[in-house]
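> Take this structure first; my questions come after.
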Amino acid sequence: MMPPQTQKGDTQRLMFAFFAISGLDILNALESCNAQHRQDMIEWIYSLQIQPDDDEESWSRCGFMGSCTFKLQSKESREYQHSHIAMTYTALSSLIILGDDLSRVNRPAVIRGVRALQQPDGSFCAHLGGSENDMRFIFCAAVICYTLKDWSGMDMPLVEDFIKSSLSYEGAIAQGPGLEAHGGSTYCAIAALVLMGRLSIFSDEQLDRLRNWLLMRQVAGFQGRPNKPDDTCYSFWVGATLKLLDRYQFTDKKKNREFILSTQQNLTGGFSKWPDNTSDPLHTYFGLCGLSLMGEPGLKEIDCALNMSVDAAKRLEQIQTWDS
Amino acid sequence: MSETESSGDECVLKCKKPAFVLYRNREEWKDVVPIPQADVHNAVVAINYSEKFKDVYDYLRAVLAKQEKSERVLKLTEDALNLNPANYSVWQYRREILRCLKIDLRRELVFSAKMIHQHPKNYQVWYHRKAIVEMLGDPSAELELTKNDLEYDSKNYHAWQHRQWVVQTFGMFDGEMVLCDTMIEADIRNNSAWNHRFFVMSNTTGFTPQVVAAQVDYTLQQISKAIHNESAWNFLRGILCQTKDGISGNIKVNTFCENLIASNNISPQLLAFLVDINMALAKEDQQAREKVKELCMQLATDVDTIRHNYWNYLAQTV
């Protein structure tokens, strides 16, 4: 049971679950939850899936909700029960990590739900009720399509256009056109392109400039933008992007490791953004991921584009037996 | 997540507001039967909700289920959003109510400004703001709003994003370059302000030779004040790459860099910039290739040792 202070995360419980489940997997400690408990997690995740009904329009609401806050029976309230793309992504990934075979996922419905969120500029919104649209949700869409082996969930050329026009003068990628280059959005764009098999939209020169920008982000740990303090989660966002672009070997691992460990809390074991700060699930998870990228003993290797252990990514390959 | 709720008593003492009365104890809500959350057995990441949270959301579920859109529900959504401003469905419901009751949206701008002030890094509060401004078709309060927020956190991505949306959508670029000047003056290392500068140029003057020349002068002045400031160097690189001569073809810039070297005024950013200049020439120029190697060695062994592996690698591959 999480304390009342986490109420502000009420609609993102699935994401918290993902941080815990994938985090335990990377720690090679998923077995510390017994089989029944893991099954309970699987059932809970499936309970958040939205199925289409007789109404054609209902297909575009499909996917997963982050919580059951508004899981209601009444027909009138249906339009408030739609999937959230980040929750659909973390639901699928969590299911794979837990050993589920995705057989109860309504794949065509999930894909229709994703497609409904794409905007005319190529980006994605998070949900149908009205939300911001940016690079984060392109990543979510790409992981979902890759996982379900069905790219009809996105208009790929449109996505490519959006990513290209979000390349800033600094040489890295912003949340959208004209905005400031950022380590998080750069990860989202590059990981999505890798999953799409379309990294080639950038020239060698552009990729070299990007690699340079990414390497410059190391202070001791990594920062997300020039002249910002280093922050645990960028050890993953920037680090994983460098790995995808084959330049991670040029980072200073000793300094990075020291920084990440300096943000770990003695009492809870969790990691925080900065030293002497409050730890939280996101930074704890990405702190672990950052350590894993450096080959920290006892931690599983990570698939950088999918953001899950290589073990889990291999399991995904085994269960992807359906026709695309 | 770090904010904690104060109890009703504390609230009376601190903010002199009347204590919160649970909805289930309110006479005017007696007609509504609250609906508890329907989580499955053995749910994970369950939250130990406060009494107030449970009460507010139980009533919200009840009115949402029957789609009541009224003033009292509008007030209820306010309580729900104060408890969890990230609940995007509540914001959606709230917008439906505003539309349905034809509420004066200027009133909503006041509420929205308050929420942004309290939760400046929350995505939903900013999206709601954008939605209301679109509904109103009036962006006149937005420059002031974002300026105030940037005074509090000059690098808040949300505030910059909202501001860029406003000035681009409504063509309000007039004062933007002055804002950039002021913000860079206040903090020369504010990368967001430098980015905004580039954004404004792209959307207004473009990168004509005259404009670039003036901006090069400005940027070199700023670099002289802080030669380690990557933001200014990146901006310089950015505008030069918009010209036909590229990064290596600006005599003023080249001379400026040479002078810094000659006066032993060295920074990793300066040397990295010179690496880029010489890299651009390296294909046809043996001397430039040698220069790249020399600079990389200096960076690796002395000036930027944290990246020594990278600089050594570049030196080998040139």
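The values are calculated or read from the model by the stated rules, or taken from the named source; none is laboratory data. All figures in this text were calculated on a predicted structure; none of them were measured in a lab. When we count neighbours, we look across all protein chains shown, and the Cβ atoms used for this are built from the backbone with ideal geometry, even at glycine. For accessibility, only protein heavy atoms count, side chains too; no ligands or nucleic acids. Shrake-Rupley method; radii C 1.70, N 1.55, O 1.52, S 1.80 Å.
> Place a point 7 Å from the Cα of residue A:205 along the Cα-to-Cβ direction; which residues of segment B:251-282 have their backbone N under 15 Å from it?
Correct set: B:276-282.
> Counting pairwise Cα distances across chain A, what percent come out greater than 26 angstrom?
On the way: 24395 of 52326 pairs.
Result: 47 percent of Cα pairs exceed 26 Å.
> Between their Cα atoms, which of A:314/B:121; A:149/A:243; A:8/B:69; A:75/A:273; B:66/B:155; A:273/B:130 are more than 31 Å away from each other?
Working: A:314/B:121 37 Å; A:149/A:243 24 Å; A:8/B:69 24 Å; A:75/A:273 43 Å; B:66/B:155 43 Å; A:273/B:130 29 Å.
With Cα atoms farther than 31 Å apart: A:314/B:121; A:75/A:273; B:66/B:155.
> What is the set of long-range amide H partners of residue A:308 at a cut-off below 5 Å, with H atoms built 1.01 Å from backbone N?
A:303
> Just the C-alpha atoms of segment B:112-257: what Rg/Rh do they give, with Rh taken as the Kirkwood radius?
Numbers: Rg = 16.8 Å, Rh = 16.4 Å.
Radius of gyration relative to Kirkwood radius: 1.03.
> Taking only protein heavy atoms into account and a 1.4 Å probe, give the accessible area per residue of segment A:1-125 in Å².
Solvent-accessible surface per residue comes out at 37 Å².
> Anyone know which of A:69, A:241, A:147 comes out most mobile in the 10 Å Cα GNM of chain A?
A:69
> Could you let me know the centre-to-centre spacing of segment B:213-238 and segment A:5-64, using Cα atoms, in angstrom?
Centre-to-centre (Cα) distance: 48 Å.
> Given the convex hull of the Cα atoms of segment A:12-149, what is a quarter of its surface area in nm²? Before the final figure, lay out the partial values.
Numbers: hull surface 34.5 nm².
Projected over every direction and averaged, the Cα hull of segment A:12-149 covers 8.6 nm².
> Continuing with this model, one more query. Starting from the Cα-Cα distance between residue B:202 and residue B:312, subtract it from 0.36 nm times their residue separation and give me the gain in nm to one decimal. If you can, show how the numbers build up before the last one.
Values: separation 110, 0.36 × 110 = 39.60 nm, distance 3.60 nm.
Gain in length upon complete extension: 36.0 nm.
> Go ahead and set up a Gaussian network model of chain B, Cα springs under 10 Å, then flag whichever of B:56, B:21, B:40 fluctuates most.
Top of the fluctuation ranking is B:40.
> Could you give the Stokes-Einstein D for segment B:9-168 in µm² per second, using the C-alpha Kirkwood radius, 10 °C, 1.306 mPa s? Mind showing how you got there, number by number?
On the way: Rh = 17.4 Å.
The Stokes-Einstein estimate is 91 µm²/s.
> Okay, next question. Which positions within segment B:125-170 get 10 Å² or more of their accessible surface covered by the other protein chains, compared to the chain by itself, with a 1.4 angstrom probe?
B:127, B:130, B:155, B:157, B:161, B:164
> Still on this structure: Using θ = phi - 60° and the Karplus curve 6.51 cos²θ - 1.76 cosθ + 1.60, what whole-Hz ³J(HN,Hα) does each residue of segment B:38-47 get, with Gly and Pro shown as x?
After applying 6.51 cos²θ - 1.76 cosθ + 1.60, I find 9, 8, 6, 4, 6, 4, 9, 5, 5, 10 Hz.
> Quick one: grab Rg to one decimal and Dmax as a whole number for segment B:163-243, Cα atoms only, in Å.
12.2, 37
> So, R0 is 60 Å and r is the distance between the beta-carbons of residue A:51 and residue B:182; what FRET efficiency does that work out to, to 0.05? Let's see the in-between values first.
On the way: r = 54 Å, r/R0 = 0.90.
After rounding, the FRET efficiency stands at 0.65.
> Also: Residues of chain B: accessible area per residue at 1.4 Å, in Å²?
Details: 15010 Å² over 318 residues.
Using a 1.4 Å probe on heavy atoms only, each residue of chain B averages 47 Å².
> Let me ask another. Find out how many positive minus negative residues lie around residue B:47, taking Lys and Arg as positive, Asp and Glu as negative, among other residues whose Cβ is under 9 Å from that of residue B:47.
Values: positive: A:13; negative: A:10.
Every neighbour counted, the sum reads 0.
> Just counting partner chain Cβ atoms within 10 Å, what average do the residues of peptide A:63-73 show around their Cβ? Please list the in-between numbers first.
Working: counts 0, 0, 1, 3, 7, 5, 12, 12, 5, 8, 3.
For peptide A:63-73, the averaged partner shielding equals 5.
> Also, I was wondering about something else. From the Cα trace of the protein assembly as shown, what convex hull volume per residue do you get, rounded to a whole Å³? The partial results should precede the final answer.
Values: hull volume 108.2 nm³, N = 642.
Convex hull volume per residue, Cα atoms: 169 Å³.
> Something else now. Toward the positive end of the charge dipole of chain A, about the Cα centre and with charges on Cβ (Lys, Arg +1; Asp, Glu -1), which of A:282, A:63, A:151 goes farthest?
Sorting the options by dipole projection puts first A:282.
> Relative to the Cα centre, what is the charge dipole magnitude of chain B, using +1 at the beta carbon of each Lys and Arg, -1 at the beta carbon of each Asp and Glu, and rounding to the nearest 20 debye?
Details: 37 positive and 41 negative charges, 136 e Å.
So the dipole magnitude of chain B works out to roughly 660 debye.
> Give me the dipole magnitude in Debye, nearest 20, for segment A:133-263 about the Cα centre, with unit charges on the beta carbon: positive for Lys and Arg, negative for Asp and Glu.
Values: 15 positive and 15 negative charges, 98 e Å.
Value, rounded to 20: 460 debye.
> Next up: Quick one: if you take sqrt(5λ) for each eigenvalue of the C-alpha gyration tensor of chain B, what semi-axes come out, biggest first, whole angstrom?
Numbers: eigenvalues 599, 110, 58 Å².
Its equivalent ellipsoid spans semi-axes of 55, 23, 17 Å.
> From zero up to wherever the largest Cα-Cα distance of segment A:67-123 sits, split into 10 Å bins and tell me the percent of pairs in each.
Values per bin, smallest distances first: 18, 44, 33, 6.
> May I ask you to evaluate 6.51 cos²θ - 1.76 cosθ + 1.60, the Karplus curve with θ = phi - 60°, for each residue of segment B:222-229 and list the ³J(HN,Hα) values in order in whole Hz, giving x for glycine and proline?
With coefficients 6.51, -1.76 and 1.60, one gets 5, 5, 4, 6, 7, 6, 8, 7 Hz.
> How compact and how long is segment A:166-318, expressed as Rg and Dmax of its alpha-carbon atoms in Å?
Rg, Dmax (Cα atoms, Å): 15.1, 48.
> Let me ask something else. For residue A:32 and residue B:214, what is the calculated FRET efficiency with R₀ set at 51 Å and r taken between the beta-carbons, to the nearest 0.05? Please report the intermediate quantities before stating the final value.
On the way: r = 63 Å, r/R0 = 1.23.
The pair residue A:32/residue B:214 has a calculated efficiency of 0.20.
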